[in-house]
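The values are calculated or read from the model by the stated rules, or taken from the named source; none is laboratory data. Source: prediction; values computed, not measured. Positions of Cβ are backbone-derived with ideal geometry, glycine not excepted, and every protein chain shown enters the neighbour counts.
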Amino acid sequence: MSFSKINDDILRTLRAPGPWWYVGLLAALTALSFGAYAFMIQATTGLGVAGYEHPILWGIYITDFVFWVGIAHSGTLISAVLFLFRARWRTAVARASEAMTVFAVCTAGLFPIIHIGRPWFFYWLIPYPNERQLWVNFRSPLVWDVFAITTYLTVSAMFLYLGLMPDIAAARDKVKDWRRPIYKLLSFGWLGTSKQWRHYTALYGFFAALATPLVISVHSVVSWDFAMSILPGWHSTIFAPYFVAGAIFSGLAMVITLLVPMRKIFKLESYITVHHFENLAKLMLTTSLIVGYAYMVEFFVAWYSGSRFEQGTFYDRMFGQYWAYSWMMFFCNVILPLSLFFKAVRGNLAPLFIVSIFVNIGMWLERYVIIVTSLSHDFDPANWAGVYQPTWIEGAITIGSFGMFFTLFLLFVKNFPAVSITEMKEAETLDRPHEATSA
Amino acid sequence: MATEATVLGIFDDGKPAANAAKALREAGLGQITAYSPVPDHNVEHAMHDSVSPVRTFVLVGGLVGCFLGFAFPIYTVLDWPMITGGKPLISIPAFVVIAFELTILIGAISGMLSFLGMAGLPRLTGQPAPDPSFTNDKFGLSVVCDAGQAAAVREQLEQYGATEVRE
């Protein structure tokens, strides 16, 4: 493939997309409005409209928060970690995954705000010299979360934009219509001089090197929201690696869920090939095995600890009132992904797409199970009777979060190069047979 | 009185462009600016560009972030001493998380700002690149030289395989 063919093919996605794109956008916007409507009711009425009941005071919103932060992780894995490992197949899928990361963190960041009783006071979480002369408690994992999530959002957004800059410049020089001045502005006036490329490649490498430990720290910090407490089912040293693996697992599933239709709608079949999906599936299988192992270790440690409360919580998790969620979670996250051992499944988009949907569901359930079953079975038997029954408001806001995520993603892939033009061209030069260089 | 001329050579590939840039530099003909659609090691090498100082900014930013990540929580707990959970006021292990995140945050921001500064971005006014195909598939060398040397520059560019040369 020549440079200009890559350029034309990928910039073609900026033209009017097919009807399915509009159908998708309409559905996503509808879901988003539904969620916004439900949140309006919650904000004006109060948190009572959510199904919280003592002792279960974290529910679907925190589940959604952890879910969306997790979704973000695979994007950084693909764009940064695989970049450092020089896994060249990442090129085709890196841009879409990076964008997914940014939008997933945006979505996740809303949930702590939705979850607090007075969302208009969320800025109390930010440490600044305020009129009450109070500082935030830096020993609290919730404040660590604020730092981790804002850092993650800032760094991944800058990483995404850095990669986009030369591609937006390519779009600027290609499109002729009213969008040209917009692309001109967004490209920052990128020229592509050797001087600019030199700083660009240096910074790109540093961003990858900074994002790699960052991505591991972010979900570790999220896991410490739970693990730093003393609640049975939460208080566990395995939580950080367990959450990071789970996050990457769910994120890879979401990448597959997004890329299968995207490649179809924008006719990117020659760029995002079955080979790429197979590699994603292999990563998904690996992380699924780690997650399955973590589940087993959790049960083993609960038994081995000799703590009757730990044992009680885990017994309750499997055979208590939330048993259906737990078994479904096992099936979606551990049993079903085993099918990826077969090439017939991981090399075929239809079954792979179905597995990825189930993994998304399973990983959402995992967070629900961890949060709700642990809270409902603490040290005080008098608390064990409580049943958490989510209300339609919580359901609507969850649906709305999917609407927001898909709206942002659909708008992105339509208006920006969804595959990195620069990196595809670079990969192309690497694929050429090496000639003796006289330079 | 035009004493300076700008000669633009357009190449199909990075390698001839790099060779031409090298030859022009060795002949001491004019100031060269190289344009390319992708980062090209041959061209960078031929242009004798040094290692990007972005790394220094990332390092300094990271160190500043790390320092702030410890100093700021320590300042706040001493400013309003309030013991929670029976832990010491200055709980270093807890502050490591803040320091770690700020190391990365400020390192990244500092790297980004230094990149923009050194790459001369954002550059919203001024001339666009001499040819729009440089973001597509062509490599270019723009040579600013004395008017008298223009012919020599043009000859060099053509000799190394420029598909198009214009002044």
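Only residues that are facing another protein chain (nearest Cβ under 9 Å), among the polar types (S, T, N, Q), exposed (fewer than 15 other Cβ atoms within 10 Å of the Cβ) and more than 24 Å from A:Ser229 (Cα to Cα) were counted across segment B:39-95, and they come to 1. Among the residues of segment A:195-232, those identified as over 25 Å from the mean Cα position of the chain (by Cα) and within 26 Å of A:Ala94 (Cβ to Cβ) are A:Lys195, A:Gln196, A:Trp197, A:Arg198, A:His199, A:Tyr200, A:Thr201, A:Ala202. As for segment A:29-47, it holds at least one residue that is closer than 23 Å to A:Thr373 by Cβ and outside any loop (DSSP other than H, G, I, E, B).
Considering segment A:365-402 alone, what residues qualify as being aromatic (Phe, Trp, Tyr) and either surrounded by 23 or more Cβ atoms within 10 Å (Cβ to Cβ) or within 12 Å of A:Trp58 (Cα to Cα) (or both)? A:Tyr368, A:Tyr388, listed by residue number.
Among the numbered conditions (1) free of Cβ contacts under 8 Å to residues at least 40 places away in the same chain; (2) in contact with a Ser or Thr (Cβ under 8 Å, 6 or more places away or on another chain), the only one that A:Ala80 does not meet is (1).
Here segment A:174-226 is the region considered, the condition is being more than 8 Å from chain B (Cβ to nearest Cβ) and among the hydroxyl-bearing types (Ser, Thr, Tyr), and the residue that is farthest from B:Asn42 (Cα to Cα) is A:Ser223. Just one of the listed residues (B:Ala99, B:Ala129, B:Ala108) is modelled with pLDDT of 85 or more and at the interface with chain A (Cβ under 7 Å from one of its Cβ atoms), namely B:Ala108.
I'd like to check something: does segment A:51-61 contain any residue that is within 21 Å of the chain's Cα centre (by Cα), crowded, with 24+ Cβ neighbours inside 10 Å and modelled with pLDDT of 90 or more? Taking every residue of segment A:51-61 in turn, at least one turns out to be within 21 Å of the chain's Cα centre (by Cα), crowded, with 24+ Cβ neighbours inside 10 Å and modelled with pLDDT of 90 or more. Tell me which residues, restricted to segment A:137-168, are within 7 Å of another protein chain (Cβ to nearest Cβ), without any contact (Cβ under 8 Å) to a residue 40 or more places away in the chain and under 27 Å from A:Ala96 (Cβ atoms). Correct list: A:Thr154 only. You will find that of A:Gly306, A:Gly246, A:Gly251, A:Gly292, the residue that is under 22 Å from the mean Cα position of the chain (by Cα) and more than 30 Å from A:Thr150 (Cβ to Cβ) is A:Gly292 and no other. Yes or no: A:Ala43 more than 20 Å from the chain's Cα centre (by Cα) and within 22 Å of A:Met404 (Cβ to Cβ)? Judged against the criteria, A:Ala43 is a match.
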